[in-house]
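The values are calculated or read from the model by the stated rules, or taken from the named source; none is laboratory data. Just so we're clear, the structure is a prediction, and the values are computed from it rather than from any experiment. Neighbour counts are summed over all protein chains in view; Cβ atoms, including those assigned to glycine, are modelled from backbone coordinates with ideal geometry. For the accessible areas, the whole protein counts, side chains as well, though only heavy atoms, and no ligand, DNA or RNA atoms are used. Shrake-Rupley method; radii C 1.70, N 1.55, O 1.52, S 1.80 Å.
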Amino acid sequence: MRAVIYLLTAVLLAGCGFQKEREDSRLALLKTTNPEPIQIERDGISVEKIREEVEAINEIYDAAVIKGDHNVLVAYKVRHLDRFQMKKIEKSLKERLDKEYGDETFVVSSDYKIFLEAVRLREDMDAGKTNEKEADKRLHEIIRLKREKT
């Protein structure tokens, strides 16, 4: 009887210790989430156009786009069979975006961690937890994280 009580207590305490995440960020790595693009800085090009440009590439099936004051972060997922060509896809995407939108500075990444952080930033902005100034700061942190990995 004691063993059952201890087991139930341990399960209850373990369940309470996990941070609750929203549905999109939990499923972002498993399936296509199609997160809405974020435009922190209102000047310049539309993030919708950038997202359409990224998703026009056959090898890419999901993309998160965040436009800040100086940079545009494009995090994307590559189809499984195309993962052997990830460097080529990233180079091609960066060249395509630079050619189309020369005024912007693009940071592109196929890293799942970067994609997940972009989705979480969007969720926090939608929930009202993050204002534009804090969102821009987090965008710069995500970009710094991306640059550390390369």
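Things worth noting here:
- Spin-label model distance (nm) - residue 69 vs residue 148, 7 Å beyond Cα toward Cβ: 2.2 nm
- A Stokes-Einstein calculation at 37 °C with viscosity 0.692 mPa s, built on the Kirkwood radius of the range 51-105 over Cα pairs, returns a diffusion coefficient of 281 µm²/s.
- Dipole magnitude of the range 55-149 about its Cα centre (Cβ charges: Lys, Arg +1; Asp, Glu -1), debye to nearest 20: 440 debye
- About the centre of its Cα atoms, the range 60-104 shows a dipole size close to 360 debye [charges on the beta carbon of Lys, Arg (+1) and Asp, Glu (-1) only; nearest 20 debye].
- Taking only alpha carbon atoms, the range 29-150 gives an Rg to Rh ratio of 0.93, where Rh is the Kirkwood radius.
- FRET efficiency for residue 95 and residue 129, using Cβ-Cβ distance with R0 set to 41 Å, rounded to 0.05: 0.70
- Excluding ligands, DNA and RNA, the accessible surface per residue across the range 32-147 is 54 Å² with a 1.4 Å probe.
- Placing unit charges on each Cβ (+1 for Lys and Arg, -1 for Asp and Glu) gives the range 40-150 a dipole about its Cα centre, and among 108, 125, 85 the Cα reaching farthest toward its positive end belongs to 85.
- Available extension along the chain between residue 140 and residue 84 is 17.3 nm, counting 0.36 nm per residue and deducting the alpha carbon span.
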